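Reading through the structure tokens given below for one structure.
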Amino acid sequence: MMFLRAAKISVGAMVGAALVAGMVQTSPARHAAARLGASEEHWTAVWGAAPQRPGAVGGGWARAGFVDVSVRQVVRVSAGGERLRLRLSNRYGDRPLRVAGVMVGRSAGGSAVRPGAAAVTFGRAVETVVPAGSEALSDAVPLPVAPLERLAVTVRFVGAAFHERAAAPSYRAAGDHLADIAGDAYRASSPSWYFLAGVEVAGGPRSAAVVLGDAPADGAGFPDHLAERVAAERRSWAVVDAGIGASRLLDGPECGGDGGLDRFRRDVLARPGARAVLVQLGAGDIVDPCPGAEAGARELIAAHRELIKTARAHGVKAIGMTLPPLEGAPRWTPGRERVRRELNRWIREGGEYDAVVDVAGALADPDDPQRPRPGYVGSDGLTPNDAGRHAIAGAIDPKML
């Protein structure tokens with residue numbers, strides 16, 4: 001039910017790599033030095049994508065594989081900073097991922113890059129190898145960025161992970177076009193993100209709010225609009241989207257990818273600077289459960305309680321979001337509607353979340369609250385369109401972060 005917003009990353013098991021990191025294998029001493037230097041600064045995540053398992057979605061280019069290609073991806077950071085670093089992921093790859101080079105610069109629109117792009121290194125090397133199941137964190141890049149600025153990240157690699165639904169297209173060119181400013185060689189495009197799991201900054205905000213969500217968050221979802229509100233109010237917070245379109249709260253990898261309970265530590269707590277989490281999950285568990293795994297309100301409330309407990313144990317504020325109206329979904333039933341209402345009542349009135357965002361109230365049709373307002377949903381009559389995503393963001397008071 002959720003779409004990925006250029007934040008999810010998934011890997012094709014057959015091609016064996018997920019998110020790319022550097023290029024040539026570097027020595028442990030170099031990596032240790034890079035970690036030591038990074039530890040002296042405070043880093044905060046300002047953009048992110050949640051990796052997806054192979055087979056969870058279509059896979060795009062990841063299924064075909066990458067042999068001597070350059071891939072350029074455009075991301076919009078939620079906050080600015082004096083320096084940045086990139087996080088690449090091969091979490092779901094089945095073999096090491098080799099990266100021949102990475103460049104980052106300011107997007108000039110489409111697949112073009114403004115002059116002044118910088119080379120990215122990993123342990124002071126331009127090449128790196130990301131082992132299967134691992135991530136790679138780059139060295140600091142002296143490229144200042146502004147809130148809501150779009151960056152173009154270009155990687156030359158073999159094999160990749162992806163996030164199915166991106167907020168902007170990714171571009172692909174055969175051969176080495178890493179340093180190209182013009183985008184002429186990038187003739188193929190994809191609606192997914194590959195290899196890139198995060199952008200982090202130093203010298204910027206010290207706190208990030210991470211959205212653990214499904215379709216309304218995925219791709220160009222409501223976290224983008226929330227980031228715009230936060231930036232307009234000049235609040236010193238970043239917003240990171242960890243939404244995955246088909247994500248559920250409980251289900252495992254065999255049904256739409258890892259569930260929210262499994263993703264929480266990796267996609268929320270592992271983000272540097274994470275100080276708040278907005279939990280927008282549970283709708284898929286109710287109206288689109290895995291076969292034989294239908295959950296009731298009791299099971300969903302128990303899962304929310306576990307997230308709250310884990311968040312607080314790590315000093316992270318837990319913000320609950322009610323489930324939107326679901327009548328009109330293909331598998332909606334009156335019984336499932338009762339589950340949604342009971343869960344929403346607990347989120348609103350249970351007093352266990354540190355704060356609550358009433359998504360149901362923001363999206364409901366005034367004449368039929370079990371259904372979403374027609375102007376707030378897309379052609380399926382259920383998934384929020386841009387107006388609906390703006391309405392969700394509008395229901396979030398930035399002061400609650």
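General remarks:
- Among the residues of the stretch 307-323, those identified as of a type in the set (A, V, I, L, M, F, W, C) and not in a helix (DSSP H, G or I) are Val316, Ala318, Ile319, Met321, Leu323.
- Number of residues in the stretch 197-234 that are assigned to a loop (DSSP other than H, G, I, E, B) and under 14 Å from Arg275 (Cα atoms): the value is 2.
- Selection count where residues are touching a Leu at 6+ places or on another chain (Cβ under 8 Å) and assigned to a loop (DSSP other than H, G, I, E, B), scope the stretch 363-401: 3
- Here Asn90 fulfils each of the conditions (1) crowded, with 24+ Cβ neighbours inside 10 Å; (2) at pLDDT 90 or above; (3) closer than 30 Å to Pro205 by Cβ apart from (2).
- Any hit, the stretch 153-167, residues being at pLDDT 95 or above, outside the structural domain of Ala232 (by TED's automatic domain parsing) and among the charged types (D, E, K, R): no
- Filtered residue count, the stretch 273-306, keeping only those that are surrounded by fewer than 21 Cβ atoms within 10 Å (Cβ to Cβ), modelled with pLDDT of 90 or more and either part of a loop (DSSP other than H, G, I, E, B) or at positive phi (or both): 1
- In the stretch 72-113, the qualifying residues are those that are in contact with a Ser or Thr (Cβ under 6 Å, 6 or more places away or on another chain) and among the hydrophobic types (A, V, I, L, M, F, W, C), and the one that is farthest from Arg150 (Cα to Cα) is Val99.
- Filter result for the condition that a residue is closer than 20 Å to Gly284 by Cα and not β-branched (Val, Ile, Thr), over Pro334, Pro366, Pro398: Pro334
- Applying the condition of being buried (at least 21 other Cβ atoms within 10 Å of the Cβ) and modelled with pLDDT of 95 or more to the stretch 118-128 and asking which residue is farthest from Ser170 (Cα to Cα) yields Gly123.
- Within the stretch 269-303, being among the acidic types (Asp, Glu) and farther than 22 Å from Val357 by Cα holds for Asp288, Glu294.
- Selection of the stretch 339-362 for residues being touching a residue at least 12 places away in the same chain (Cβ under 8 Å), assigned to a helix (DSSP H, G or I) and not aromatic (Phe, Trp, Tyr) yields Val339, Arg340, Glu342, Leu343, Asn344, Ile347, Arg348, Val359, Ala360, Gly361, Ala362.
- Taken over the stretch 121-152, the criterion of being of a type in the set (D, E, K, R), assigned to a loop (DSSP other than H, G, I, E, B) and within 19 Å of the chain's Cα centre (by Cα) is satisfied by Glu149 alone.
Okay, residues lined up against (1) modelled with pLDDT under 90; (2) surrounded by fewer than 17 Cβ atoms within 10 Å (Cβ to Cβ); (3) assigned to a strand (DSSP E or B):
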{"residue": "Val57", "(1), (2), (3)": "yes, no, no"}
{"residue": "Arg63", "(1), (2), (3)": "yes, yes, no"}
{"residue": "Ser70", "(1), (2), (3)": "no, no, yes"}
{"residue": "Ala79", "(1), (2), (3)": "no, no, no"}
{"residue": "Met103", "(1), (2), (3)": "no, no, yes"}
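Each row is one residue, and each column tells you yes or no for (1) over 22 Å from Ala295 (Cα atoms); (2) within 22 Å of the chain's Cα centre (by Cα); (3) among the basic types (Lys, Arg).
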{"residue": "Pro330", "(1), (2), (3)": "no, no, no"}
{"residue": "Glu342", "(1), (2), (3)": "no, no, no"}
{"residue": "Glu352", "(1), (2), (3)": "no, no, no"}
{"residue": "Ala362", "(1), (2), (3)": "yes, no, no"}
{"residue": "Leu382", "(1), (2), (3)": "no, yes, no"}
{"residue": "Asn385", "(1), (2), (3)": "yes, yes, no"}
{"residue": "Ala391", "(1), (2), (3)": "yes, yes, no"}
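- Taken over the stretch 173-196, residues that are of a type in the set (A, V, I, L, M) and not in a loop (DSSP other than H, G, I, E, B) amount to 4.
- Taking the listed residues Ala100, Ala140, Ala108, the one that is out of contact with any Asp or Glu (no Cβ under 9 Å at 6 or more places or on another chain) and touching a residue at least 60 places away in the same chain (Cβ under 8 Å) is Ala108, with no other qualifying.
- Residue match in the stretch 218-234 (condition: assigned by TED's automatic domain parsing to the domain that holds Asn344, of a type in the set (A, V, I, L, M), surrounded by fewer than 21 Cβ atoms within 10 Å (Cβ to Cβ) and in contact with a Lys or Arg (Cβ under 7 Å, 6 or more places away or on another chain)): yes
- Failed criterion for Glu327 (all others in (1) in contact with a strand residue (DSSP E or B) (Cβ under 9 Å, 6 or more places away or on another chain); (2) modelled with pLDDT under 95; (3) surrounded by fewer than 19 Cβ atoms within 10 Å (Cβ to Cβ) hold): (3)
The values are calculated or read from the model by the stated rules, or taken from the named source; none is laboratory data. Remember, predicted model here, so these are calculated numbers, not experimental data. Glycine also receives a Cβ, built like all others from the backbone with ideal geometry; neighbour counts cover every protein chain displayed.
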